[in-house]
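Here is the structure we will look at.
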Amino acid sequence: MSIGQDMHTIAIVAFEGISPFHLSVPCIVFGDDLLKLGVPRYRLLIAGETVGSIRTMSGFSIEVEHDLASLTEADTIIVPAWDDPSTRPSAVLLASLRAAHARGARLVGLCLGTFVLAEAGLLDGRAASTHWAWADDFERAYPEVALNRHAIYIDEGDILTSAGTAAAIDCCLHIVRSDHGAEIANRIARRLVVAPHRHGDQAQYIEAPLPAPGSGDPLGATIAWAIEHLDEPLSLERLADHAGMSLRSFTRHFRRKTGTTFTQWLLAQRLAVAQRLLETGTCSVDHIADMAGFGSTVSLRQHFTRAFSISPASYRRQFRSRPSLETAP
């Protein structure tokens, strides 16, 4: 959903017991003064079932200036992490979300906010993401939703859902990228000092810490070994042999431990190495391609640009010329 020159209104739903962090994530991303970046800024509304003071989970209160009737003005409605998935949202809130979706508003469920959209019946037959720790609860409660346990966010066009905490930032930056392009999203990410772009299908977490060699966990030791040898040719067969497993067994256990396929994991590791070297190193892009295991500068450029919507050289220039947060334009 791209937006034109008219101001795009985003309503963020607030409720008793809300997490201040999860409320602040969309506020800080969409509250950026985009006019200084040359694109229309967003208009933000904080809306609750009642106007006035509500208590946050951190013990202090905040003032809500708009009630749920203001959702009719919103182009995008965001439900931050719900305080308790076992607490059913009010009928008024659920009806407001259904009505907003019916008229074409974009809906976003951040972290446990996905539970609210599912309770409204808006995710039936769709793919969705939520915090991995509540995945079992979600699947039991909403069997009609195709939960992706590993994705950090999922964009279904008119509805987006995300995993927890940092993934909410990724999801919000993805929305900015969809609305205004990669350059604007990258500049906001730079101000927040976060990664410019993480793919939505990137795994939320690694199931267990990776042990050192000799720990008795051959798979974990092999993954740790692979991270130390990213500059070498690495294949699924080579890692399976290193772990002393059959190819089929290694593939199954690798997916269970990392939440992704070997190919996706290897590319993510190599891209992370390239990012660190571009941000902090002084060696050439050709040398970085070799050290990260891409084999050629062309391969590095293709994969890096596809993943982050920016070339390696431009990414390096951003970090070399990064202004301070106080003076960033």
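A single member of Gly113, Gly104 is modelled with pLDDT of 95 or more, within 23 Å of Val176 (Cβ to Cβ) and either open to solvent by 20 Å² or more (accessible area, probe 1.4 Å) or charged (D, E, K, R) (or both), and it is Gly104. Based on what the data block shows, is Gly59 surrounded by fewer than 21 Cβ atoms within 10 Å (Cβ to Cβ) and among the small types (Gly, Ala, Ser)? Spelling it out, Gly59 is indeed surrounded by fewer than 21 Cβ atoms within 10 Å (Cβ to Cβ) and among the small types (Gly, Ala, Ser). As a summary of the residue check, Thr72 satisfies the conditions (1) within 20 Å of Ala102 (Cα to Cα); (2) part of a strand (DSSP E or B); (3) open to solvent by 80 Å² or more (accessible area, probe 1.4 Å) except for the one numbered (2).
Being modelled with pLDDT of 95 or more and open to solvent by 50 Å² or more (accessible area, probe 1.4 Å) is the filter here; which residues of the range 126-136 pass it? Listed by number, the list is empty, since nothing qualifies. When you scan the range 252-313 for helices (runs of 4 or more DSSP H) that lie fully inside it, which ones turn up with 2 or more residues that are at pLDDT 90 or above and exposed (fewer than 14 other Cβ atoms within 10 Å of the Cβ)? Passing ranges, in order: 285-291, 297-308.
The values are calculated or read from the model by the stated rules, or taken from the named source; none is laboratory data. Here the structure is a predicted model, which means the values were calculated and not measured. Virtual Cβ from ideal backbone geometry, glycine too; neighbours counted across all protein chains shown. In case anyone asks, the SASA skips ligands and DNA or RNA and just uses the protein heavy atoms, side chains included. Shrake-Rupley method; radii C 1.70, N 1.55, O 1.52, S 1.80 Å.
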